[in-house]
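Enquirer: Pasting a structure here, questions to come.
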Amino acid sequence: MDASRREKRAHGTAAFPFQIYPRGPKDNRFVPYHWHPELEIITVISGEVGLTIAENRYTGQKGDVFFVDVEQLHEIRGGQAGDFRAFVFPLDSLEFQRMDLAQSEILGPLAARQLVLRTELRRGTPGNAGITDTLAMVERACQVKQNGYQLLVKAGLLQIVALAAANGLLMPQKAALHNDYRAQTLKNIVEYLNAHFTEQLRLNDVAARFGLSPQYFCTFFRENLGKTMVQHINFLRIEQASRLLRETDRAIMDIAFSVGFENFSYFIKRFREVFGCTPSQYRKNLQQLG
């Protein structure tokens, strides 16, 4: 999943706007902060997966489900210790042309943002088993791709909405649910850092760009994203380095410098913290996967 700033990529196709991530065993399980106009359903397959959705941080265990609202800033931290699936689709793709009760009372208000899905659905709570089973069916349908599988996927997504409604997971949207100014400021900061993380960024300069004092910027950043600016930039650099290790045969030192690290030993240390191995071991493991 390429998640640098507001995603402009198409999820699926215009005729079938649905996509499951990661797409294969070599895809990255670390997804930096991003947002998009589609709904995203994340289910934890194994281990632990760290998530930040809006200003809230979660640790997902096997079987947990999370709903990421339209345009909601989020980050996913899986990796070797945790695997997940992310199902991404536009809400209006579920709507009916004919105005029946399902359309007028649930699907229409959901697409219009008058209803929203509760973010967290832990394993063992009402509705979880049915939704995780349905997501597994949707994934199998996309893998097999028999005639009519698109209809199976759409039926599955509609069933998830129905299960959410039956188990009290649909809530009225409140005008004050999010601080629009804070959310937009966060998005602006994330977008800027995602565009410039390979450069040498100074805290004072970045804070001044957004009209904030360095002290307030540090507090604002940590309170909302759960890390310092330096930690976030390092995460972006490591994620990009892992992508280059997967997709190119460039020398590891060249990759380290190209993503913004000035010290090779520091790069190795930060990479090991994220992936639990050195960059050379990471590349070797990928080659063994074929």
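Enquirer: Could you list all residues from region 45-68 that are surrounded by fewer than 20 Cβ atoms within 10 Å (Cβ to Cβ) and within 24 Å of Arg182 (Cβ to Cβ)?
Expert: If the condition is that a residue be surrounded by fewer than 20 Cβ atoms within 10 Å (Cβ to Cβ) and within 24 Å of Arg182 (Cβ to Cβ), then Gly50, Thr52, Ala54, Glu55, Asn56, Arg57, Tyr58, Thr59 are the ones that fit.
Enquirer: Is there a residue in region 165-184 that is over 20 Å from the mean Cα position of the chain (by Cα), surrounded by 15 or more Cβ atoms within 10 Å (Cβ to Cβ) and assigned to a helix (DSSP H, G or I)?
Expert: yes
Enquirer: Let me ask something else about it. Only one of these is out of contact with any Asp or Glu (no Cβ under 7 Å at 6 or more places or on another chain), over 24 Å from Tyr33 (Cβ atoms), open to solvent by 10 Å² or more (accessible area, probe 1.4 Å) and among the basic types (Lys, Arg): Arg250, Arg246. Name it.
Expert: Going through Arg250, Arg246 in turn, the sole match is Arg250.
Enquirer: Quick one: count up the residues across region 224-264 that are part of a loop (DSSP other than H, G, I, E, B) and either among the β-branched types (Val, Ile, Thr) or touching a residue at least 24 places away in the same chain (Cβ under 8 Å) (or both).
Expert: 7
Enquirer: Quickly run through region 23-44 and pick out the residues that are crowded, with 17+ Cβ neighbours inside 10 Å and at pLDDT below 95.
Expert: Correct list: Asn28, Arg29, Phe30, Val31, Pro32, Tyr33, His34, Trp35, His36.
Enquirer: Of all residues being basic (Lys, Arg) and at pLDDT 95 or above in region 227-262, which is farthest from Ala195 (Cα to Cα)? Just the residue, please.
Expert: It comes out as Arg250.
The values are calculated or read from the model by the stated rules, or taken from the named source; none is laboratory data. All values reported here derive from a predicted model rather than from experimental measurement. Note that each Cβ is placed from the backbone with ideal geometry, even for glycine, and that neighbours are counted across all protein chains shown. Calculation scope for accessible area: heavy atoms of the full protein, side chains included, ligands and nucleic acids excluded. Shrake-Rupley method; radii C 1.70, N 1.55, O 1.52, S 1.80 Å.
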